[in-house]
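Input: a single structure, listed below in structure tokens.
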Amino acid sequence: MSEATDTDIPGSEWYDADAGPLVRPYAMTGGRTQPGPTHVRFDLIALVDIAADAPDEAEESLLGPEHRSLLGLCRTETQSVAELAADADLPVGVVRVLLGDLLEAGYVRVSRPVPPAQLPDERILREVIDGLRAL
């Protein structure tokens, strides 16, 4: 008597036990591909942290597991969109849509990193070099 293998079950060729449960990205985002009507761009380097006036945990329990996972990651420290995507093991596009939901609900805030200082004008550098040579 032979034992049934995973490939003997109809449709099992689309499931890999080592990969775990498979949820398509469009299922996580409700078919959306854009973060919604937010005014914020979710660049890879945009910084995300928990909003000071975020709704309480009772309301948070109404969120999906992916939303709660992102909130948990944001609670530990401010993270970039790229870091959140990597840590949550989700595609960046999905993370952007989910962050849009969290931003609209008031759970998170998004900011841009401080831009690097503008480099001094070449003329100023030449004057400094000339001044140092004069010493």
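The values are calculated or read from the model by the stated rules, or taken from the named source; none is laboratory data. All values derive from a computational prediction rather than experimental measurement. Backbone-built Cβ (ideal geometry, glycine too); neighbour counts: all protein chains shown.
The condition of being loosely packed, with under 11 Cβ neighbours inside 10 Å and assigned to a helix (DSSP H, G or I) holds for Arg126. Being of a type outside the set (Val, Ile, Thr), out of contact with any helix residue (DSSP H, G or I) (no Cβ under 6 Å at 6 or more places or on another chain) and assigned to a helix (DSSP H, G or I) is the filter here, so list the residues in region 80-101 that pass it. Result: Ala82, Glu83, Ala86, Gly93, Arg96, Leu99, Gly100, Asp101. If I filter region 56-73 for residues that are buried (at least 17 other Cβ atoms within 10 Å of the Cβ), within 16 Å of Asp43 (Cα to Cα) and of a type in the set (D, E, K, R), do I get at least one hit? Checked against the condition, which is being buried (at least 17 other Cβ atoms within 10 Å of the Cβ), within 16 Å of Asp43 (Cα to Cα) and of a type in the set (D, E, K, R), region 56-73 yields no hits at all. Looking across region 78-95, the residues that are modelled with pLDDT of 90 or more and not hydrophobic (A, V, I, L, M, F, W, C) come down to Thr78, Gln79, Ser80, Glu83, Asp87. The test for being touching a Cys at 6+ places or on another chain (Cβ under 8 Å) and under 15 Å from Arg109 (Cβ atoms) holds for Leu84. Of the residues making up region 74-113, those that are surrounded by fewer than 16 Cβ atoms within 10 Å (Cβ to Cβ) and of a type in the set (A, V, I, L, M, F, W, C) are Ala82, Ala86, Val92.
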